[in-house]
Amino acid sequence: MSIRTIVPFLHRLTSFALVLAAALGVARTVSAASVTRAFVIVVPPAQEAAFNQGIKAWENCLHDHGAKHRTLAYSAETGDLDRYLFLDERDSWANMDVHEAAAKACGSIFLTQVQPHASQAFSEIAILNAKDTYMPAGDPEPAPMMWVVAYRIKPGQRQTLNDALAKLATAAAKTHWGAHFAGYDIQGSGQGAENFVLVWPNRSWADIGQAPKLSDTEVIASVYGKAAARANQKRLLATIADYWTDAWQYQQGLSYIPGK
C-alpha cells in the first residue's frame, strides 16, 4: 500500500486542516513557517457568495491597515465541498501571541460580514516536522493544489512513525524522487482527530493522478535494500490507527498576501 495513494475510509471535518502547513513547505504549500494555525470553516452553499464577499472586505481592510501576516485560503475539492481552509503562517508558538493593530481595526468586519455566514469552524496547530519532509526547491508556491493524508497515530507510536517517514525522506533526497511531501505534527485537533499529516503539493488534478516512477517502498529499497524497505513499511503501517485523505485547491482571491 502506498502512503501517497491511501484510499480514505473515514472522513473528518478537518482532514487535514492542515494541509496545513505552510510552507507547508508543502509545495511549499505554504512557505517557510514552522508553525501554522489552520482554520477549517464550513459555509452552506446558500451563504457562499456572502461569505466570500465578507472575506474580501475583511482582507481589504487588513491590507489598508498594513497587516503583515500571510493567510492562504484553500477550498475542498473532495469530501464535504462546503469547507474552506485558511492557513495562518507563524514563525513560532510565541508569534501567535502577537496581535497586529490591523486585526483589531478590522475585527468588526469579520464578526459582521464573515462569521454569520459560517455554520461551523475548527482550528488546529500544524508544526513542520523537518525530518519527515522532502521539499526541494522548484515547486509552485503557494501550491495550486494539495493532496493531504491525515493520520491518527496509535498511542506511543509517534516516534516509530517519524523514524519510518524520515527514512523515506532521506531516500527521496538521495534519489531525487519526483514526489515531494511535507510532514506536520498536529496539535489541538481534538479527541479522535488526526495528529499527523503528510501534505503533497501538486499543480493540477493531472499532477495528483500521476504516480511517481518509483513507489515509496521502491525508493526506500533503492537506498536501503528490499528487506529494509519491507520492514520499514510494516513498522509504518503498524503505527496507524486511522487515516483519510483530502484534496484542496488554492483560492488566490480569498488569500491575504501582505503588500499585494
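What follows is calculated from the coordinates using simple rules that are stated; it is not laboratory data. Keep in mind that what you see is a predicted model, and the values were worked out from it rather than measured. A quick note on method: Cβ atoms are made from the backbone with ideal geometry, for glycine too, and the neighbour counts reach across all protein chains shown.
Give me the lysines in straight-line cross-link reach of LYS234: C-alpha distance below 30 Å, same-chain residues under 8 apart excluded.
Qualifying lysines at Cα under 30 Å: LYS131, LYS154, LYS167, LYS174, LYS213, LYS226.
What list of ³J(HN,Hα) values in whole Hz, one per residue of segment 185-195 in order, does the Karplus curve 6.51 cos²θ - 1.76 cosθ + 1.60 (θ = phi - 60°) give from phi, with Gly and Pro shown as x?
Per residue, the Karplus-derived 3J(HN,Hα) values read 7, 10, 10, x, 7, x, 5, x, 8, 5, 10 Hz.
In whole Hz, with x marking every Gly and Pro, tabulate ³J(HN,Hα) for segment 138-148 from phi via Karplus 6.51 cos²θ - 1.76 cosθ + 1.60, θ = phi - 60°.
Each residue's phi maps through the Karplus curve to give x, 7, x, 9, x, 5, x, 9, 10, 9, 10 Hz.
Which order do TRP248, TRP58 fall in if you start with the one that has the fewest other Cβ atoms within 10 Å?
So the ranking, lowest neighbour count to highest, is TRP58, TRP248.
What residues have an amide H closer than 5 Å to that of ASP242, excluding those fewer than 5 places away on the same chain, when H is modeled at 1.01 Å from N in the peptide plane?
For ASP242, the qualifying residues are ARG152.
Rounded, prolate or oblate: which fits segment 70-139 when a ≥ b ≥ c are the square roots of the eigenvalues of the alpha-carbon gyration tensor, with rounded for a/c under 1.5 and prolate only if a/b beats b/c?
Oblate.
Work out how much length LEU81 to SER204 would gain on full extension: take 0.36 nm times their residue separation and subtract the Cα-Cα distance, in nm to one decimal.
The span from LEU81 to SER204 would gain 42.5 nm if fully extended.
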